[in-house]
1. Please go through the stretch 594-623 and give me each residue that is within 27 Å of ASN567 (Cβ to Cβ) and part of a helix (DSSP H, G or I), ordered by number.
2. Counting only residues that are over 25 Å from the mean Cα position of the chain (by Cα), give me the strands (runs of 3 or more DSSP E) lying completely in the stretch 307-418 with at least 3 of them.
3. Filter the stretch 411-450 down to the residues that are surrounded by fewer than 17 Cβ atoms within 10 Å (Cβ to Cβ) and of a type in the set (A, V, I, L, M) and list them by number.
4. From the list GLU820, GLU846, which one is at pLDDT 80 or above, surrounded by fewer than 16 Cβ atoms within 10 Å (Cβ to Cβ), closer than 30 Å to VAL1061 by Cα and of a type in the set (Asp, Glu)?
5. Just the residues that are among the charged types (D, E, K, R), under 17 Å from ALA929 (Cα atoms) and not in a helix (DSSP H, G or I), please, taken from the stretch 546-586.
6. It is to be established whether one or more residues within the stretch 980-988 are surrounded by fewer than 16 Cβ atoms within 10 Å (Cβ to Cβ) and not basic (Lys, Arg).
7. Being at pLDDT 90 or above, acidic (Asp, Glu) and closer than 24 Å to VAL756 by Cα narrows it down to one residue among GLU791, GLU778, GLU771; which is it?
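The values are calculated or read from the model by the stated rules, or taken from the named source; none is laboratory data. Quick caveat: nothing in here was measured; it's all calculated off a predicted structure. Cβ coordinates were reconstructed from backbone atoms using ideal geometry, including for glycine residues, and neighbour counts include every protein chain displayed.
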Amino acid sequence: MQRWLAVFVLSVMLVASSDAQLLLYPTGMINSRLPVIPTRDGGSYGKAFPAQSVRLRYDFTGQLGQMTQGKLELDYRADPGRRETTSIVIGDGEKGIALSLLPASEGRFFVLEQTEYKYGDLRYLSGTKLQKTVSKTAPTLDWQRLQLKWDAKSVTLQYAGKTVATLPMLDGVQFTELYVDGWTVDQLQLVGQNTLRLDWENDYVAFVDVTVPLTAKQMQAALLGFDNFVVNRDPDARDFPMLQVNNPTDKSQTVTASFTVKRELTGDPWQWQQSVTIPAGQSKLVTLAFPQALGSDVYHLQMKVKIGDHVLATDTRHFMHAPRRDEKAGPRKFGLHDCNVRAFGFWPEALPIDMAHHYLRWGYVQGPGWVKDWDGQYGLDPKVPAEQWYWNDRIDWAIDQGREMFVCVQSTPFSDWARAHPYKHMRQYPWGNVGGHPKIDRYRNFLKEVAKRYTGKVEYWEVENEPNAGGHIPADKTDDYVEVCKAVYEELKGADPNTQIFGISGTSKFQPWMDKVLGHGGSQYLDGVSWHTYTSPSTPDEIGFPKIIKESVDIVKKHMPNAPIFNSETGVVVAMRYDVDQAIPQQVIQQKVRENDKAFVANSWMGATFDEWHGGASMVTNAVYNFLGGVEKYVFFGWNPNWPTKREWEKHAPFFSLFSVAADGTRTPSLMTLSVATLTTQMQSALLENSEQVNLPGVRGGLFDKTNGGKLAIIWAPSGEESVLFKTDAAQLEIVDMLGQTRMLNVSHGIAVCDVTELPMYVHVKSKQLEIQNGPIENVVVKANGPASGECEITLRNPMPYMFDGSFSVSWQRGQGSVEPAMQRLQLDRNQSRTLKVRYQLDTDETQTVDKPLLTLTVSGNSPMMDDTLLFHSAVAIPTRPVATVKLATSPVRLHQSQDAMLIALKSADAKVLKLNRLEQVKLGRPPALASLHDPAWWGGEDELSADIQLAADSEGIVLYMDVKDVAARLPRTWPSVKGSVVELFFDFRKPGDGLGDPVYGNQTFQVLIKPELTAAVTDAQVWSPQRDRLNATCFSQYDAKADRYWLVYRMPWAGGVPEVIGFDVAINAAPEGKAGRKTQMILFGDATNARNAAAFGQLVFKP
């Protein structure tokens, strides 16, 4: 289908007792034109709504005429749960009349109320009760007739033929919308001048019987199929884009719909118009006539529908499309994490994602501690029967939708009756404590009820969520975890032998804990193992991810040789958007990160945000490495169409979300979302068995067999652009980039050359033969001889089956500077090698502002077998040393024992300002590479420990000023020591070319320890160094206990005049809160080896 033309038209005219009928689909829920779950038997007359705790909204604005008086009649049944529920709201979008049921602890009576409301999501309706009447009537679980009747003065509730409540009518309200809890209602009629009917016999659609024709200005127009941000090409799919127009008049009407679509990747905007003629009293649905077939892209659509000069409707939709491949599907690989998604029907059915991950928490289901449901006390009486527990309805939704189920069952006690004994650290709330070891017999009783409810419906169970992180079960209580695994395995596996029990659910540095659990008996109560591999703010390649995966898989194989492994949760932190239709450029985000902007840097384990391109690359490479390591399922964290929830995101710390949001609060899929979608479609036909890792110099990735007998390569270049050689017997390769853009690459004499970047690419070939090799650049050795200069030694080898005649050139890809020689002639016989050398100089005095400088090496030449010139590229990372330029003051920088006076003096001296406040500067107390939760043992952010630093210099010496935030300020017990609030300074006074920057300390290399006296008065601080007599330094400090800050000044005279450059670094240390020791060390430039290795120091350059 080359064009999505208006070929699919549905015109509806259902004639019964009324003159005309219009279709009214529920809004708010996701893509309601077709049912999420088919309606089923059990209604009061025929069909019933199929799911509990789903609220549907019907917008009948203008369709029912005047509503100052009217009635709502329906068949009603109470749901069997115990929570307070709102079954019906009829209102105007701000105020309305609500019918609710009190919680079971208060009698389950009807409540009729006036309310100010705001529709929050599909399960909860938040509102302010203005006035209410509590009936003494409690509805039954059987269908009974119910009526709400109103006029300008009052509202009356009748149930089973009896008046049970009355309420004064709201002033000035004109009803325009109806909310219903679908499971509780049937055979509904809302009567004004016209009538709305809802009976579930035709799925979720309501009908408006038009007995009093309305005007053309009261026509309705709406877009359908866009609600979950991913659209489908299949007209029979719920997420197929359509336009609906309702005509409540007594004449045929023609409307004009104007559309504009911006495409983020593939060209100029589309603009077009569609005319739609709707017969009198009918609804018409038409396909959107996009000018071209939708390709892989993120789209932003604006619509305006007019009849004559009158605007009927305007709408804006943001969506993406990721076409599936026309190939036989392989094994199901991908899933979506629970993520607290409450949107009914949110699943992106256009994508090959099959597994639904959900939580089933004992403490939520049987005994929500915050609910007063036990004779007026908090919690739930354990004697309450299971059918009245607070079950997770979203699990039932997913099961009924046919999802492959992966449910994490959690034993955390929320009530004293469920707790065998407490743990040292438990969460405390006004209603009670959460945590401790469960009473296993009572937990087993809960699991028996779980088995009754879900046997044959849940394929996989997971025991606890990240237990090694100590959020519930302390990490040292492995035997307690094994006991919980035993209970889950025996109760759930015993009831359903076909289900599989997964455990570990590890995060962070979970491997030693996993080894201990499996070795202490846990392996006999598990069928498989799960883990989470968050790497933010690093990429998988930056942390050596393949090695971590191999270590993890080896432990599993040692204890459980054939056990399946799932990655049950992984996400990436990506920056949001200023404008809804464009990603923030990488350079802008890098600058925001350098500025430590809190909207781009979470000062905890999440760290700095990725831009959308590199966030997508991090997620894709994470998944590929998991699959190559032996993982069978990969679950994405962050797919929630109601995330992010924050308006004005620039004022909030970043978090995990696969969707983006603009500054005005508008949500949209992003390039990150599209990269995840593309991963699922491109791997749809891949087979995971017999996969091969690609591990070439500068290139990483994997090779997979496909169901059609071909091959799929997924490759990327972690350090930048690299060229690779493909060898195959196919005539063409299909190249698909990370965002789904496709091109064909011709193969000549069995060889094709392709450039690979940091962003993964997919290479499809129908042949079984596909080899990947490096180009001529075989090896590069970089030897730095200064902070921004050095030499590259490049080994080249000709991989072609003929002589290569061309050139070799070098240029800066990132950063600026000089390279000599920039170009050299190159001739290589087949398989001949040659070594070339080039010198480089990076042009900057502030190399910390250059993000990973890169040189590009290019080999070009003509091929006797190919018409085009061959080009091979390779990126080389240039090591740099951070350099800060300090201006020499024209007059001596005097010391002052007043902080304000000292700051004035530093400002006059034009002091260099530096900051110690970033996650990457944390060397001790930094979260592990695979962290996914914050732990109190880690650095808690700049509000816990950080420092503002100023450096000034004059002809006599150097002055260092530090203002340190330290919430756990405590001096070390012994001295010298770094176990407490201690500042470390590092100096290297050796000259360039004469030892400066050498790793081994020399006579001119110093480590200095400063112990600030934590007193309110300005006091001399203790200074220690092995060569302290040679330093002749002055130092004093002052402490502000209320602000949790101390400041200090350190002045050291020059020995032998002002140097041009010195090695320098500074570190701050802090104790754990409330006890002695060292929790955190932060270092400005270097690393934890500074005390014995001077190679990692930064450099200070002194200039007039």
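1. Listed by number, the residues that qualify are GLU612, TRP613, HIS614, GLY615, GLY616, ALA617, SER618, MET619, VAL620, THR621, ASN622, ALA623.
2. 310-321
3. ALA420, MET426, ILE440
4. The conditions single out GLU820.
5. Result: GLU569, single match.
6. No, because not a single residue in the stretch 980-988 is surrounded by fewer than 16 Cβ atoms within 10 Å (Cβ to Cβ) and not basic (Lys, Arg).
7. Every option except GLU771 fails the conditions.
To keep it simple, each residue is scored yes or no on (1) farther than 30 Å from ALA662 by Cβ; (2) of a type in the set (Gly, Ala, Ser); (3) within 19 Å of the chain's Cα centre (by Cα); (4) crowded, with 20+ Cβ neighbours inside 10 Å.
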{"position": "VAL517", "(1), (2), (3), (4)": "yes, no, no, yes"}
{"position": "HIS520", "(1), (2), (3), (4)": "yes, no, no, no"}
{"position": "ILE549", "(1), (2), (3), (4)": "yes, no, no, yes"}
{"position": "LYS557", "(1), (2), (3), (4)": "yes, no, no, no"}
{"position": "PRO561", "(1), (2), (3), (4)": "yes, no, no, no"}
{"position": "GLN586", "(1), (2), (3), (4)": "no, no, yes, no"}
